[in-house]
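The values are calculated or read from the model by the stated rules, or taken from the named source; none is laboratory data. Bear in mind that the values here come from a model prediction, so they are computed numbers and not experimental data. Every residue, glycine as well, gets a Cβ built from its backbone with ideal geometry; the counts of neighbours run over all protein chains shown.
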Amino acid sequence: MKNGTKPMYQQISDDLKRQIATGELAVGAKLPTEMELTKVYKVSRITTKRAVEILAEDGLIIRRPGRGSFVLGESQKYERKQTAMFGAVVAGIAAPFGQCLIETLSEEVWEREGSLLLLQSHGKPDLEADAILKLKQLDVDGLLIWPSAGEYLGAEILQLIVDRYPFVLIDRQVKGMETKSVGTNNVKMTKEALAYLFSQGHRDIGFVSMEPSFNSSVEERLEGFIESHADQGIAIQRGAWLVDANTELLQEQLADLLQRNPTLTALFVTEYELAVRVWESLQSLGYRVPTDISLICFDSPEELAGGVCFTHVKQDEVAIAKEAVALLKRAIEGYAKPERVLLDGELVLGDTVVVRKQ
């Protein structure tokens, strides 16, 4: 079927259009896969991919992620061109990090004349899996996923990778797997936070986090913590790390940590909710914040109930949301190359760090 006046992908596209027009490929019929088309037309996959993209651009087919491409009828073509449907699965909605993110996701999708179906997992892996399945059943064009923290990546997310289903991870990444993700440059911003503590005279600094298993954000913050000490030539006190903080046992854990490390003058806490618990536990143990122990963390509202504002790294939720939607749009349009976008945050000075005289 070679025709020297047209590129091969255009010839294949024209032939498929002819089959649709004559009914050889009826409305609702599944188009052969790109790999199957490469065998039929004896061309590369890049060529068949472009041919199929032309059909989609012309509104002749609909591409169902993980299922294939299907021929559309006239009424379906009109409906399909009106709006794109995005699905979002989020761990939760909280003021320090999450609320502004979700609001911006909705605004960005709306500005792109799309619709957003949002489900919460409340940080529970089983609810996250159910939400992903429900949104796939609703035939959303792609998924925005803010995963729950856990020891393992959810099986449903792994299946999305296998199926090449368009999705973007927010505030997480999957090491060694080809995905699109967006989040804060945790290493860089942790180093900025530690540099500030060093500038205030602190040298003995503890690290407090929940179990970092799979939570790539926590792992990256620990990496930044280690690198910041190396950059300054300051020895790390590994015995001053509490990486399995338990909210029910936190007061006892902190008492033990401080007893074993009496020279500690500051604690870096990986997230706001945990920092609040640390602050409360220190108060109960008789430590004054920041006079005795300074605290710095990621994210914080304007002030705590007691009128205290944490010195913290503020993540740019607006920029993260905008990048997430842009990445997902590219994925839906067929740009499958893995992408990871890391964004800067801002160090906000509050009431929980004091100058420590040497």
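Residues in the stretch 232-287 that are out of contact with any Ser or Thr (no Cβ under 7 Å at 6 or more places or on another chain) and of a type in the set (K, R) were compared, and the one that is nearest to H312 (Cα to Cα) is R238. Pairs only if they're at least six apart or on different chains, beta carbon under 6 angstrom, first in the stretch 253-264 and among the hydrophobic types (A, V, I, L, M, F, W, C), second modelled with pLDDT of 95 or more and assigned to a loop (DSSP other than H, G, I, E, B); list them, first residue then second. Pairs found: A255/L285; L264/D204.
None of E178, E211, E156 is closer than 21 Å to V276 by Cα, touching a residue at least 24 places away in the same chain (Cβ under 8 Å) and charged (D, E, K, R) except E211. When the strands (runs of 3 or more DSSP E) confined to the stretch 293-358 are screened for residues that are farther than 20 Å from V187 by Cα and modelled with pLDDT of 95 or more, those reaching at least 1 such residues are found at 294-298. Scanning the stretch 56-97 for residues that are small (G, A, S), at pLDDT 80 or above, assigned to a loop (DSSP other than H, G, I, E, B) and surrounded by fewer than 20 Cβ atoms within 10 Å (Cβ to Cβ) turns up just one, G59.
Out of the residues in the stretch 326-342 that are touching a strand residue (DSSP E or B) at 6+ places or on another chain (Cβ under 7 Å) and within 15 Å of E108 (Cα to Cα), state the one that is surrounded by the fewest Cβ atoms within 10 Å (Cβ to Cβ). Restricting to residues being touching a strand residue (DSSP E or B) at 6+ places or on another chain (Cβ under 7 Å) and within 15 Å of E108 (Cα to Cα), the top hit is L327. Report, by residue number, each residue of the stretch 127-169 that is among the charged types (D, E, K, R) and either at pLDDT below 85 or assigned to a loop (DSSP other than H, G, I, E, B) (or both). Passing the criteria: D139, D141, E151, R164.
Taken over the stretch 253-269, residues that are more than 13 Å from I205 (Cβ to Cβ), surrounded by 16 or more Cβ atoms within 10 Å (Cβ to Cβ) and either among the polar types (S, T, N, Q) or not assigned by TED's automatic domain parsing to the domain that holds Y287 (or both) amount to 1. Residues that are without any contact (Cβ under 8 Å) to a residue 60 or more places away in the chain and buried (at least 20 other Cβ atoms within 10 Å of the Cβ) were ranked within the stretch 278-299; the one that is nearest to the chain's Cα centre (by Cα) is C297. Taken over the stretch 12-27, the residue count meeting the criterion of being over 11 Å from L55 (Cβ atoms) and either outside the structural domain of S69 (by TED's automatic domain parsing) or touching a strand residue (DSSP E or B) at 6+ places or on another chain (Cβ under 7 Å) (or both) is 2. Output yes when any residue across the stretch 214-224 is in contact with a Lys or Arg (Cβ under 6 Å, 6 or more places away or on another chain), in a helix (DSSP H, G or I) and in the same structural domain as S300 (by TED's automatic domain parsing), and no when none is. The answer is yes, given that some residue of the stretch 214-224 is in contact with a Lys or Arg (Cβ under 6 Å, 6 or more places away or on another chain), in a helix (DSSP H, G or I) and in the same structural domain as S300 (by TED's automatic domain parsing).
Closer than 21 Å to G334 by Cα and of a type in the set (V, I, T) - does that describe any residue in the stretch 9-26? Checking the stretch 9-26: at least one residue is closer than 21 Å to G334 by Cα and of a type in the set (V, I, T). For T179, which of the numbered conditions (1) over 30 Å from A336 (Cα atoms); (2) of a type in the set (S, T, N, Q); (3) in the same structural domain as L105 (by TED's automatic domain parsing) fails to hold? Here T179 meets the rest and fails (1).
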